[in-house]
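This report concerns only the one structure given below.
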Amino acid sequence: MENFEKKATRFLQDGIPFLFIIDFEKSIKKVFTFEEAANENIFFNIKGNGNDENLAKTNLEGVDFDLKPTLVSKEIYEKAFNTVKQELNNGNSFLLNLTFPTAVKTAVGLNEIYQKAHAPYKLLYKDKFVVFSPECYLKIKDGNIFSYPMKGTINSDIPNAQELLLANKKELYEHNTIVDLIRNDLSMIAKKVRVNKFRFVDKIKKGDQELLQTSTEIQGELPENWKDNFASLLLKTLPAGSISGAPKKKTLEIISKAEIEPRGFYTGIFGVFDGHQIDSAVSIRFIEKINDTLFYKSGGGITHLSEMNEEYQELLEKIYVPII
C-alpha cells in the first residue's frame, strides 16, 4: 500500500486530481482521488472544485440550524489560560492559539451542516466531522507558493469597525507575529519569500451578521522539481502557524500541556490538486461527532495583552454556521 508521500507524488507527476487531509499532529496523512474519497463518504468543495455533486442531498427548507452551545466551564478554561499566560510571561512563547471543544445541541446532522454552510473550503469526513473554513493555508500556482494567514476579527455592525480592527494593538501584535512565522516557514521550502499585501480586510458571513477579518498575502518561489517533493515540503511547514503560535516548537509543547485533549483533524489542513495547481485550507470552523454528541471546536490567539474573560467569550462568538 502506497504511503502518503509516494501516492501524492505519483498523482502530481501523472496530473491526477486528488484530495489530501492531514491532522494537526501530522500522525494521520491521507490522499484520495475524487472518486476514492466519495466511495469512502468523504466529500469536499474547494472554491467549486470537489466531488460533492455525489453527496445525497436533503430537503433543508424550514430546517432550524440554531446551535445551542454548552461551553467548557470557566474554571477549566481559566486553568489552561493561566498556564499559557505563565509561559508567555516566562518568554517561552510570544503567541499561542488556545482551543477548546464546546458541546452543541442542534436539530441537524453533519451532512445538513455541510450542505447549508457557506465557505470557500468545505469538507465532510464520513459521519465524523465537517469543516467550513474561510482560511486558505497554501496555494501553489505556476511554481509560486502563496499563504494567507488570517488574524484579527470584528463584527462589521460595530461603528467604525474597520478602523477599530486595524488600530487594535493586540490584533496587530498577533498579526505581525504570525506573518513573521509564516514567512520563516515558507523560507524553509521556497526562495524570494516576500509580503505582497499586508493586513488587508476581508468580509466573512456569520449567519445574518458580517465579520471583518484581516489577512496578509505572502509569496515565494518553489524549486522546479517541487512536484517530486511536494509531500515532504508541505509537512515541513506544518502545523499551520496561525493556529499554533510562535516560536512554533516550544509553543506546540505548551499547547499539548494546556489543552484538555489532542486536536486530531481540527486545525490540521486539507486541500486539492486540480491537475494544475494546489489550494488548501486550515481546518477551522470545525464540528466533530463524538459518541453521538456534536462538538464545535474553536479558540483564539493568546498574547501577553490577553484578558481571560475576553478570550473565554471569543470561544462562544466563534460558534456559528455561516448559512447560505
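Overview of values
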| read-out | value |
| --- | --- |
| Pairs with Cβ under 6 Å, 6+ apart, first in the range 224-241 and closer than 17 Å to ILE182 by Cα, second hydrophobic (A, V, I, L, M, F, W, C) and open to solvent by 60 Å² or more (accessible area, probe 1.4 Å) | LYS236/MET188 |
| Some residue of the range 55-78 being hydrophobic (A, V, I, L, M, F, W, C), in contact (Cβ under 8 Å) with a residue 24 or more places away in the chain and under 30 Å from ARG183 (Cα atoms) | no |
| Search result, residues across the range 259-277 that are of a type outside the set (D, E, K, R) and either surrounded by fewer than 21 Cβ atoms within 10 Å (Cβ to Cβ) or without any contact (Cβ under 8 Å) to a residue 40 or more places away in the chain (or both) | ILE260, PRO262, GLY264, GLY275, HIS276, GLN277 |
| Residue, farthest from PRO239 (Cα to Cα), within the range 193-224, restricted to residues that are touching a Gly at 6+ places or on another chain (Cβ under 6 Å) and part of a strand (DSSP E or B) | THR214 |
| Candidate set: the range 148-176, residues that are farther than 21 Å from LEU315 by Cα and part of a helix (DSSP H, G or I); chosen: the one most open to solvent (accessible area, probe 1.4 Å) | GLU163 |
| Criterion violated by SER280 - all others in (1) open to solvent by less than 10 Å² (accessible area, probe 1.4 Å); (2) outside any strand (DSSP E or B) satisfied | (2) |
| Those residues of the range 120-142 which are under 30 Å from THR293 (Cα atoms) and assigned to a strand (DSSP E or B), in sequence order | TYR121, LYS122, LEU123, LEU124, TYR125, PHE129, VAL130, VAL131, PHE132, SER133, CYS136, TYR137 |
| Criterion violated by ILE145 - all others in (1) of a type in the set (A, V, I, L, M); (2) in contact with a His (Cβ under 9 Å, 6 or more places away or on another chain); (3) assigned to a strand (DSSP E or B) satisfied | (2) |
| Qualifying positions in the range 134-163 - within 15 Å of the chain's Cα centre (by Cα) and either at pLDDT below 85 or on the phi > 0 side of the Ramachandran plot (or both) | MET150, LYS151, GLY152, THR153 |
| GLU253 open to solvent by 20 Å² or more (accessible area, probe 1.4 Å), modelled with pLDDT of 95 or more, in a helix (DSSP H, G or I) and out of contact with any helix residue (DSSP H, G or I) (no Cβ under 6 Å at 6 or more places or on another chain) | yes |
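The values are calculated or read from the model by the stated rules, or taken from the named source; none is laboratory data. Given the structure is predicted, the values throughout are model-derived calculations rather than measurements. For neighbour counting, all protein chains shown are included, and Cβ atoms are generated from backbone atoms with ideal geometry for every residue, glycine included. The accessibility values were calculated without ligands, DNA or RNA, using every heavy atom of the protein model including side chains. Shrake-Rupley method; radii C 1.70, N 1.55, O 1.52, S 1.80 Å.
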